[in-house]
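**Student:** Sharing a structure, written as structure tokens. Questions coming.
The values are calculated or read from the model by the stated rules, or taken from the named source; none is laboratory data. Quick caveat, the model's predicted, so the values are computed rather than measured. All Cβ positions, even for glycine, are placed from backbone atoms using ideal geometry, and neighbour counts span all protein chains on display. Areas reflect the complete protein model, heavy atoms only, side chains present, ligands, DNA and RNA absent. Shrake-Rupley method; radii C 1.70, N 1.55, O 1.52, S 1.80 Å.
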Amino acid sequence: MRTFGVEEELLIVHPDSGEPLALADALLAGRKLAADDAPDKPRLLQKQATATADDDEMGLSAELKLEQIETQTRPCLDQAELLRQIRAGRAMADDAAQRQGARVAALATSPLALSSHTTPDPRYARMLERFGLTAQEQLTCGFHVHTYIESPDEGVAVLDRIRDKLAVLIALSANSPFWNGVQTGFESYRTQAWNRWPSSGPSAIYGSLSSYRRVVTRLLDSGVVLDEGMIYFDARLSRNHPTVEVRVADVCLRAEDAALIAVLVRALVESAGREWRDDVEPAPVPTVLLRMAAWQASNFGLRGELLDFGSFRPAPAADVARSLVDFLEPVLAENGELELARQGVEEIIARGTGAAEQRTIRETVMEKAAPDDGGLGAVVAHAVRATLRGTVGYTDDADAVPVPELLRVRQS
């Protein structure tokens, strides 16, 4: 069984208003604020005075914006251990935030309007200068799944064979219906905002490791992107680990949904690896159709129709999501995860994605009152609770959190 692990990007928010707060440097006080994806980016371990065994397994690091923080798990073998580490990482990030009078929320975009702050790092400064408004507004929180591969050759073969199915993961994880105070009409607006980067999105079939390396080299030689860390493909080979990294999902509101997405990704990687060894060719789907599928998933989530990954014609979203589990059934069954995956997908279909949950909270609040923030503060407050649900020591009592001077300064 392949190991897998994840990275989650979380918003740092005010416990009352829900406003994002530029506090990542305070959460990581005394640590280097390393640019995300930089070649020498370390994994920062946040040691607390109340250290637990999880502190040796979980990491926290800075991202592009000071309003967000990233958690990392260690490689895991099964869903239960991964879910435990996801929850432990969320709890660690929230503990660090509470020390500054803030909280964390698993929201892929900020429901409330703001002017974000770029992390003070030379690489990020160059990105801000080079990419202007795209970098200025890029406060988005994604969910990245790393799955072990036996070799880079197998990794490229996997990339070629999973590309046509990744849009389903966008729909299942959709958790960003609001953007800077506006209801966007999208389930995953993060996908739209993220795809402003010139090197983002789906890729063509490579066919070989040398072809993959050639594409990366030509992108770097173009001078458009700054470095290899900005090769933002939907799925790519990790430079620092023997893994394929799948990057299409929103950060999930619920930890159990995040673990489900990771289970599906690992099964996709294993299935693709088997196809490669059995000389099954990748489906020759044009990249432009993959972009249409991703756009459709971003727009409708599970509310309407997706492009079926077999025919690339419209089909009910729930049926397409179930079809992915059916396709992965042999691998999921071998891993003892088939019923877990079926149940997880059915639960999301029944209750809705994180995006649907956010909209429901806002509509409920607006039916009872008309708050000045349009109910979006309540959305964030709910997200904080949902983010931490199931973690050790979870509590809804934000009133007990003191507000230190640093937070009052950042609000002004």
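**Student:** What's the number of the only condition in (1) farther than 25 Å from PRO75 by Cβ; (2) part of a loop (DSSP other than H, G, I, E, B); (3) open to solvent by less than 10 Å² (accessible area, probe 1.4 Å) that TYR124 fails to meet?
**Tutor:** (2)
**Student:** For region 354-371, does any single residue satisfy the condition of being touching a Phe, Trp or Tyr at 6+ places or on another chain (Cβ under 6 Å), of a type outside the set (Phe, Trp, Tyr) and modelled with pLDDT of 90 or more?
**Tutor:** no
**Student:** Can I ask one more? Evaluate the following for VAL156: is it among the aliphatic types (A, V, I, L, M), farther than 30 Å from GLY377 by Cα and touching a helix residue (DSSP H, G or I) at 6+ places or on another chain (Cβ under 7 Å)?
**Tutor:** yes
**Student:** Now a separate question. Between residues in region 327-343 that are more than 13 Å from ALA259 (Cα to Cα) and residues that are open to solvent by 30 Å² or more (accessible area, probe 1.4 Å), which pairs lie under 7 Å by C-beta distance while being six or more apart or on different chains?
**Tutor:** Listed by first residue and then by second, the contacts come to VAL331/GLU270; ASN335/MET1; LEU338/GLU329.
**Student:** In region 127-148, what residues are of a type in the set (Val, Ile, Thr) and surrounded by fewer than 23 Cβ atoms within 10 Å (Cβ to Cβ)?
**Tutor:** Of everything in region 127-148, just one residue is of a type in the set (Val, Ile, Thr) and surrounded by fewer than 23 Cβ atoms within 10 Å (Cβ to Cβ), namely THR134.
**Student:** Of everything in region 298-313 that's in a loop (DSSP other than H, G, I, E, B) and open to solvent by 70 Å² or more (accessible area, probe 1.4 Å), which residue is modelled with the highest pLDDT?
**Tutor:** ARG313
**Student:** Which ones in region 180-194 are over 20 Å from SER115 (Cα atoms) and open to solvent by 40 Å² or more (accessible area, probe 1.4 Å)?
**Tutor:** GLY185
The rows are residues; the columns are (1) out of contact with any Lys or Arg (no Cβ under 6 Å at 6 or more places or on another chain); (2) of a type in the set (Gly, Ala, Ser).
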residue	(1), (2)
ARG342	yes, no
ILE348	yes, no
GLY354	yes, yes
GLN358	yes, no
GLY377	yes, yes
THR387	no, no
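**Student:** Read through the list (1) surrounded by fewer than 19 Cβ atoms within 10 Å (Cβ to Cβ); (2) assigned to a loop (DSSP other than H, G, I, E, B), then give the number of the only condition that ASP326 fails.
**Tutor:** It is condition (2) that ASP326 fails.
**Student:** Considering only residues that are among the aliphatic types (A, V, I, L, M) and not in a helix (DSSP H, G or I), look in region 269-297 and name the one that is least open to solvent (accessible area, probe 1.4 Å).
**Tutor:** Step by step, filter region 269-297, then rank; the result is VAL285.
**Student:** Moving to a separate point now. Cβ-Cβ below 6 Å, separation at least six or inter-chain, first residue in region 194-220 and under 19 Å from HIS144 (Cβ atoms) and in contact (Cβ under 8 Å) with a residue 24 or more places away in the chain, second exposed (fewer than 14 other Cβ atoms within 10 Å of the Cβ) and of a type in the set (S, T, N, Q): which pairs?
**Tutor:** PRO202/THR287
**Student:** Scan region 159-182 for residues that are modelled with pLDDT of 95 or more and among the polar types (S, T, N, Q) and jot them down.
**Tutor:** Correct list: SER173, ASN175, SER176.
**Student:** Pick from region 198-221 the residues that are of a type in the set (Gly, Ala, Ser) and not in a loop (DSSP other than H, G, I, E, B): which of them is least open to solvent (accessible area, probe 1.4 Å)?
**Tutor:** Among those residues, the one meeting the criterion is GLY201.
**Student:** Looking only at region 222-239, which residues are in a helix (DSSP H, G or I) and open to solvent by less than 10 Å² (accessible area, probe 1.4 Å)?
**Tutor:** Within region 222-239, GLY229, MET230 qualify.
**Student:** Taking ARG266 as the residue in question, decide whether it is open to solvent by less than 10 Å² (accessible area, probe 1.4 Å), of a type outside the set (S, T, N, Q) and assigned to a helix (DSSP H, G or I).
**Tutor:** yes
**Student:** Moving on. When residues of region 68-120 are filtered for being open to solvent by 30 Å² or more (accessible area, probe 1.4 Å) and among the charged types (D, E, K, R), how many remain?
**Tutor:** 7
**Student:** Further question on the same structure: Could you pull out the residue among ASP257, ASP279 that is out of contact with any Ser or Thr (no Cβ under 9 Å at 6 or more places or on another chain) and at pLDDT 95 or above?
**Tutor:** Answer to the check: ASP279.
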